[in-house]
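Scroll down for the structure; my scribbles are underneath it.
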Amino acid sequence: MDAAERVGREAERHGCPSVEVLSMDAFDADCLPLELIVIFVVSTTGQGDVPDSMKEFWKFLLRRNLSHQWLHELHYAVFGLGDSGYQKYNFTAKKLDKRLLDLGATPIIEKGLGDDQHRSGYEGALDPWLSSLWSALSRTFPTIISSNSDSYDSQGGILDQPKFEVTFHGMDNMQSSVSFMKDYETNEKVVEKARLMSSARYSHEDSRPHHFLKMIANQRLTQVDYTERDVQPKSVDKRLNDMVVPVKLRTFVALTMDIASASPRRYFFEVMSFFATAEHEKERLQYFASAEGRDDLYQYNQKERRSVLEVLKDFPSVQLPFEWLVQLVPPLKMRAFSISSSPLAHPNQVHITVSIVSWMTPYKRKRSGLCSTWLAGLDPHSSAAVNIPAWVRQGLLPPPPPSLPLILVGPGTGCAPFHAFVEERAVQSLKRPKAQVLFFFGCRNEDKDFQYKDFWFSHAQNQGVLSTDHGGGFFVAFSRDQPHKIYVQHKIKEESARIWRLLNQGAAIYIAGSSTKMPADVTSAIEEIISEEAGISKESAVMWLRRLEKAGRFYIEAWS
């Protein structure tokens, strides 16, 4: 919501008399024709999918009974939040813009496409886009948007009012009310209360954990930092809606505010400037908040990945009221992991494969991933066991039926879901014949980061799921073990004939892993195989693979 909140703030500063910032699931799409001006800020998930909060809104817009003049009085603008490392970059923004045009709406300006790969993040595109937006609106609606208002005057600006009010209560009289509850029930209620009070605007579904997980194993897989965690879910069924459960200040911060890893946005520095008592700090903060200081702010903040705590430490004269911290500190986001175990092989357990994130900034400051480092440090045998709140979502890789031949590509931690697939097939094969499975894995070095090495080799022999006896195969690319780099796409090209034969037998392709170049390179390699083996043009091969995707036989799950 950061970008949308900024659009709302700037609209108010330009004199717009009525501004509402809403999540799409809080807006009735049936009322869209009644609006005069709407600015859409949308992200893209998965393979060009709309985010969950937009699904019902988008489904409504796709109704066939909506005429081409349904939105003839609406003026709109679309800004997309995307990452050009993904194949379907800003796909949601592009298709929303097209659909609004189809329904007769009038664009105020050309759609804007924010890119996380830009050195300033999405703000690199948002800044000039907003400038164009206010100029266009002031010309078209001069009575609504003032043409002579600057979005922010860093020297003489007026501080907005915080959007949250914080009331502090004593704990003495509330402690006994929760003492009789089981630990996980108490934890569930505390997590829900804290998240519902957060600025992140979690839905009720997202506020309450689906499960609490008890860790039973925490194993290092390789010399490089990958670990596998086995956890048992405790379902939370009892609802305690009438129980008043206190949330301590420390607990609220720990559960909802990312103070230790996320970098604050530019507005954070703007607000800080109003509370700085040291003149040199005030001047520096005002400069960071200005358009002229954007590049220097990037060098100081985003490039070094400074956390909120570090920024506050660098400006000691600033004493931000807690109301502002609640509003401005980036919310603690859920971390998504693929389940790497089969429920048939491990009933009542969930295994996840986690890369322990650690890197050095340009100024040699060590950084560590918040969630992965925390998970790695948990001791399942400790008396102080931790109940891990978890939300289970349907992923982008649907479990394949036992009879479906598979072509799996999962370098790095992209192997996690396919570890589950192979486990599942191994159990299923005890009762029915095996379908063929080809698995392509990749890592840098065989000796350092070959995840699940023994597992893959055990299933690649002795009648295993990946054994050649059953038409299967396991292929691994070590990119750094020889002078020239070898990646999974090179191994895929070496197996062109087998892959084409399997595709003609109805096989499905699953790809998982880093979103940078791998999905595009692997997809290109498969298109080349189709083109060469079928004797068709590259353009026809692209269409062939697109039809495979529409038929539910080509899936990609990638992450940055």
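The values are calculated or read from the model by the stated rules, or taken from the named source; none is laboratory data. Please read these numbers as outputs of a predicted model, since none were measured by experiment. When we count neighbours, we look across all protein chains shown, and the Cβ atoms used for this are built from the backbone with ideal geometry, even at glycine. The area values use the complete protein model at the heavy-atom level, side chains included, leaving out ligands, DNA and RNA. Shrake-Rupley method; radii C 1.70, N 1.55, O 1.52, S 1.80 Å.
Pop the C-beta distance of Ala336 and Lys448 into the FRET formula with R0 = 41 Å and round what comes out to the nearest 0.05.
0.95
What distance in nm separates the two pseudo spin-label positions at Ser479 and Ser537, each 7 Å out from Cα along the beta-carbon direction?
That separation, rounded to one decimal, is 3.3 nm.
Per-residue ellipticity at 222 nm for the chain, helices alone: DSSP H runs ≥ 4 residues times -39500 (n - 2.57), over residue total, nearest 500 deg cm²/dmol?
-10000 deg cm²/dmol
Cβ neighbours within 10 Å, averaged per peptide: list 23-35, 364-376 in order, most packed at the top.
Ranking, from highest mean packing down: 364-376, 23-35.
Please state the relative contact order of the chain as a whole percent: Cα pairs under 8 Å, 6+ residues apart?
11
What full-extension length gain, to one decimal in nm, is calculated for Arg501 and Leu101 as 0.36 nm per residue of separation minus the Cα-Cα distance?
Here the segment from Arg501 to Leu101 would lengthen by 139.7 nm.
With a 1.4 Å probe and every protein chain left in place, work out the accessible area per residue of the chain in Å², rounded to a whole number.
51
Listed here are the pairs Lys282/Lys366; Lys303/Lys333; Lys59/Lys491; Lys95/Lys517; Lys59/Lys189; which of them are more than 31 Å apart at the Cα?
Lys59/Lys491; Lys59/Lys189
Heavy atoms only, probe 1.4 Å: what % of the accessible area of the chain goes to carbon and sulfur, would you let me know?
Of the solvent-accessible surface of the chain, carbon and sulfur hold 50 percent.
For a distance above 31 Å, tell me the whole-number percent of Cα pairs in the chain that qualify.
Roughly 58 percent, rounded to a whole number.
Compute the distance in nm between two label points, each set 7 Å from the Cα along the Cα-to-Cβ direction, one at Asp296 and one at Arg432.
Rounded to a tenth, the inter-label distance reads 6.6 nm.
Treat each spin label as a single point 7 Å out from the Cα along the C-beta direction, and report the Phe164 to Ala26 distance in nm.
Computed distance between label sites Phe164 and Ala26 equals 1.4 nm.
What does the extension gain come out to for Thr143 and Ser524, with contour length at 0.36 nm per residue minus their alpha carbon separation?
131.9 nm
Kindly state, to the nearest 0.05, the FRET efficiency for Gln461 paired with Glu73, given R0 = 51 Å and r defined as their beta-carbon distance.
Computed FRET efficiency for Gln461 and Glu73: 0.15.
How many percent of DSSP beta bridges within the chain run antiparallel, rounded to 5?
Approximately 45 percent, going by the DSSP bridge assignments.
To the nearest 10 degrees, how steeply does helix 518-534 sit against the main Cα axis of the chain, on a 0 to 90 scale?
Compared with the principal axis, the helix lies near 40 degrees.
Length gain on complete extension for the stretch Leu344 to Lys366, per 0.36 nm per residue less the alpha carbon to alpha carbon distance?
Gain on extension, Leu344 to Lys366, equals 3.8 nm.
Can you give the charge dipole size of the chain about its Cα centre, rounded to the nearest 20 debye, using +1 on the beta carbon of Lys and Arg and -1 on the beta carbon of Asp and Glu?
1380
In the stretch 37-54, whose amide N lies under 14 Å from the spot 7 Å out along Cα-to-Cβ of Gln87? List them in ranges.
46-49
Given R₀ = 41 Å, what would the calculated FRET efficiency be for Asp127 paired with Arg546, taking r from the Cβ atoms and rounding to 0.05?
Taking R0 as 41 Å, the efficiency between Asp127 and Arg546 is 0.70.
Beyond 20 Å, what percent of the Cα pairs of the stretch 274-353 remain?
When every Cα pair of the stretch 274-353 is considered, 52 percent fall beyond 20 Å.
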